[in-house]
1. Criterion first (over 30 Å from residue 275 (Cα atoms) and free of Cβ contacts under 8 Å to residues at least 12 places away in the same chain) does residue 187 satisfy it?
2. Take region 182-194 and flag every residue that is in a strand (DSSP E or B) and surrounded by fewer than 20 Cβ atoms within 10 Å (Cβ to Cβ).
3. Within region 225-327, which strands (runs of 3 or more DSSP E) (wholly inside it) include 2 or more residues that are closer than 18 Å to residue 427 by Cβ and modelled with pLDDT of 85 or more?
4. Please enumerate the residues belonging to region 305-332 that are without any contact (Cβ under 8 Å) to a residue 60 or more places away in the chain and farther than 30 Å from residue 241 by Cβ.
5. If I filter region 163-175 for residues that are surrounded by 17 or more Cβ atoms within 10 Å (Cβ to Cβ) and modelled with pLDDT under 85, do I get at least one hit?
6. What's the number of the only condition in (1) at pLDDT 90 or above; (2) in contact with a strand residue (DSSP E or B) (Cβ under 7 Å, 6 or more places away or on another chain) that residue 194 fails to meet?
7. Would you confirm, using the coordinates I've provided, whether residue 337 is loosely packed, with under 14 Cβ neighbours inside 10 Å and at pLDDT 75 or above?
8. Residue under question is residue 137, and the condition is that it be modelled with pLDDT of 85 or more and in contact with a strand residue (DSSP E or B) (Cβ under 7 Å, 6 or more places away or on another chain); does it hold?
């Protein structure tokens, strides 16, 4: 009676052994390090020459390092403390001006353990230090851009159908929407049917004036909602790409509400550089120079130039970009590669316009909010300037070069194009910096709270339940090991609320054993034998344990579904803790008790 089959013991042993292995990386900690990477120039790599330069710079400054790891994409120099790291950071920035030099915390996990996939838990901003941005997406500009796109499409549609309109198709700047004017109601009716067939996301309002038959087009509510959603998603994707280019480890980028994005960059201390890249909204447009008509653009150097209204390709068609040096002029340039759609349009345009000039328009959006008489006033500024006008010497498609840029501008433009264009400009409305010293203090206090909670629970169980309390304490220890292993395997980000979740899990983990052991004592008091009391205690307490943990798990899932940032971290830790505690408190303790007491004739139980 009360004996496990062999496979159950093997299962328990395998789970504990594997989890102990993958929890191990968290014991090795992290080394202060400086990371060198080449995010701007796509052809550059981290080779032996770069490593030698770094080593010479550190030796000349009498800065010692513990180890250097090199891959084609990054150089990681490790140091014994943060003071040495800061000095080395300054020296390496001077010695390697072409490369991006960033401070980092590198995992000290041994290579053999990393080869098995062992990695420590990620530490959140509150534990590691770094910067926190809350960014507001300018949805008005996003919708305005979509309306301008529709203006160009409608021009092409009416031209193709040989439907003449009066004046020009234009966007209504103040109230939004697109206005088209016709000289007869018949033409407007024909245009209305065309639009209804082609665009089911537009509302059409007819406006009659003297000799003018207008058609006002606006997006439907469903279309507006969808476009705002897409703008938010595209900005999040672009921000992730830009953060990857910055070489930041374990960033947190997530939406907050319908118009805001939270960006947390652990380990980043150069906030100016992070703000410059994250908030930049630079993009490009390629247009032919107009002989007459068109629209006038200011040139960076020289007199204004008139360009055709139709765009050949824009930043959204760029799939790769890299800073380089123009072989003919020796000046900085940016090489660009377009996707198939942009390449085909560029090929057709250049084939038909050899010998004609084409311009590159640099576009940047800026959004600022100021307090005026206690009210927030938002101003939007769109800067457009022609950075380059060149004669098309021969046809080309998806690979070409942009000149007329400064060195830093070529690098930043390449980064921004490579990472993708923001759908809408954003404004940083909240900024916080968490120092590494505060993060270290949070870790120490969090670890202390976990240790004290762990010891207090173990002491109570030992005093209350004697030998059975030792079994429960062993299960509690295994619960922590398995929980840490799962968090490491899932590469979950541990935050202060996550630590609170672990402390709460410690208390909840023994709840099941308290119920089981009390039920066993109750059965013994009723005159049942020790073996039958063990059997009844586990069976009768199971439903109560399952119900209690299930309701807590539902609450944790709701927190995860509707919460943001730290709340999600707490919910993840709590959810995993509930699952692991069910396994250890029921299966592991039962296995240990069955191993020692199962099949024996007992007079009493040490419970």
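The values are calculated or read from the model by the stated rules, or taken from the named source; none is laboratory data. Computed from a predicted structure; not experimentally measured. Cβ sites come from the backbone with ideal geometry, for glycine too, and all protein chains shown count toward neighbours.
1. Answer is no for this residue.
2. Those that are in a strand (DSSP E or B) and surrounded by fewer than 20 Cβ atoms within 10 Å (Cβ to Cβ): none in region 182-194.
3. 252-256, 260-266
4. 306, 308, 328, 330
5. no
6. (2)
7. Taking the combined requirement at face value, the residue does not satisfy it.
8. Against the criterion (modelled with pLDDT of 85 or more and in contact with a strand residue (DSSP E or B) (Cβ under 7 Å, 6 or more places away or on another chain)), residue 137 qualifies.
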